[in-house]
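These notes are about the structure you will find just below.
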Amino acid sequence: MAQNKAPVYGIDKEIQARLAAKIDPLKMEQARLWIELITEEKVPEFMSGLKSGVVLCKLINKIKPKAVKKINTMSAPFKERENIEKYLKACKKLGMKETDLFTTMDLYESKNIVSVIDNIYALGARARTIETFTGPHLGVKHSIENKREWSEEQLRANWGTKMTLGSYGIMDEGPKNSLDKIVKDPTKVNNTEGKDIQEGLDKDIQARLAAKIDHVKMEQARVWIEIITGEELPEFMSGLKSGVVLCKLINQIQPQTVKKINKMSTPFKERENIEQYLKGCRKLGVKEVDLFVTRDLYECKNTVAVIDNIFSIGAIASTFESFKGPHLGVKHSIEQKKEWSEQQLRSNWGTKQTLGSYGITESGGQKRMGKIIKDPQRFKEAQCGGSKN
C-alpha cells in the first residue's frame, strides 16, 4: 500500500522554520551567479536548478577536470541522487572537510538550503588553492598553515603588537604588555576608522535609504559590471566611486561615448568621470528619472539610485545591436508609431478586438466602436468570423 508523505509539523516544522530564517538571500544569489559563470548553465532558481546534480558535477569538473568521470543525464530520482553523491565524493577528494558538505537529502528534498549554500562557498574557497583554476572566484581563499617561530626575546618585547579590538576599542602599541592601552573614546575610534557620525534628520534619511537597498539587485549589478568591463569590483559603491569603471562600462555598450577617462586619483577628476558617465547615459537615451547625482555615488548618499541606474543602462543596452551582452534587466521598449489613413479611420478598418470579459466589438460602419456583443453564443460566432442577426 502506497504511503503519502507525512506533513511537516511539531519539532520538525520548527527546525525547518529555524533553518529557513538562517538563509542569506544575498549569499544564495552570489553562489547562483558564480555557478552560472563557471558552468555556463542557466540556474534560474538555486535549489531546483541544482537538484539533478548535473550542474554540480559540471561545476566541480570545471574546477578540477574529470573529478566526476560520468554524469547521469537521465531524469530519474535514482540517477539524480547518484549525481549528487558523485559531486560530494569529488568534494572530499579536493580536500574539503566533512563539516563543509551536505547530505543528498539536504539538496534533493530541500531539507537544508543553508548547508548547500555554505558548501558552494567552501568549494569556492578550495578552488582558489588549485593553480589550474583561474576563476572567477567566490568566497575567501582557503587558509594554508603557516607556522611561525618567535624567539623568547621577541615575545618579551611584545614585538610588532598593534591590533584592533573590534567594537571594544583600538590598542595603542605598548612596549611590553600585549593589552597595554585600550582606546575607548568614541571620537578617537571614529577618527581612526575615518567615519563621520551622522545624527538627526540626515541619519534618519540614511537609515531609510539603507533599508530600501535590494542586496540581490546590487550583487547582480556588480557581477554584470565585472563581466562587461573585465574589472574587479570587490564592493559595489566604493568600486564605482572613481567613475573609471562606469566610463569603461558605457564605452563597452557604445564605444567612444566617454572619449577620455581620468585616471588621476583626485576628488575633482573622479567626480568629473562620474559626470561624463551621466552625460553618456543621457546620450544613450536614459531618462532623467533613471539618473543619479554625482554626490549620490561619490559620498554614498543614495545607493538605491545608483543600483536603479545600472539596471536602466542594462535595459537600454539591450536595444543596441552592436552590444551582444550579457544583458541585465528588462529590454527597454521602443516606440512604434502607426499611421492610419482617414479612410481607415472612417471605416473603422480592422476593428475587431477583444474587450476582456465584456465581449468583442463588431465592425460598425463609421463608428469607432460600433456594437458590443455580450451574448456568449454571438461572442463565439464573432470570434470565428461568423455573423448572426
Practice task
Using a 1.4 Å probe and ignoring any ligands, DNA or RNA, find the accessible area of M28 and quote it in Å² to the nearest 10.
Solution key: 50
Fill in the blank from the handout: On the formula 1/(1 + (r/R0)^6), with r taken between the Cβ atoms of I23 and E339 and R0 of 56 Å, the FRET efficiency rounded to 0.05 is 0.55
Handout entry: Loop trypsin sites (Lys or Arg not before Pro), segment 226-324, which have at most 13 other Cβ atoms in a 10 Å radius of their Cβ (DSSP)
Key = K259, K260, K263, K287, K324
Completion exercise
Of the listed pairs K248/K283; K51/K86; K42/K93; K27/K212; K51/K92; K58/K79, those with alpha carbons more than 21 Å apart are K42/K93
Handout entry: Cβ-derived FRET efficiency at R0 25 Å, T266 paired with D214, nearest 0.05
Key = 0.20
Handout entry: Estimated inter-spin distance, E275 and E153, nm [label 7 Å along Cα→Cβ]
Key = 5.9
Fill in the blank from the handout: In nanometres, the difference between 0.36 nm per residue of separation and the alpha-carbon distance of A76 and A305 is 77.8 nm
Handout entry: Residue-normalised accessible area of segment 211-335, expressed per residue, 1.4 Å probe, Å²
Key = 53
Completion exercise
With every protein chain kept in place and a 1.4 Å probe, the residues F78, F311, F292 fall, from largest accessible area down, as F78, F311, F292
Exercise for the section: Give the accessible area for E299 in Å² (nearest 10); use a 1.4 Å probe, count only protein heavy atoms, and leave out ligands, DNA and RNA. Expected result: 80
Handout entry: Spacing of the two label points (7 Å from each Cα toward its C-beta) at S110 and H137, in nm
Key = 3.4
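The values are calculated or read from the model by the stated rules, or taken from the named source; none is laboratory data. Predicted, not measured: the structure shown is a model, and the values here were computed from it. Backbone-built Cβ (ideal geometry, glycine too); neighbour counts: all protein chains shown. We work out accessible area using only protein heavy atoms, side chains counted, and drop any ligands, DNA or RNA first. Shrake-Rupley method; radii C 1.70, N 1.55, O 1.52, S 1.80 Å.
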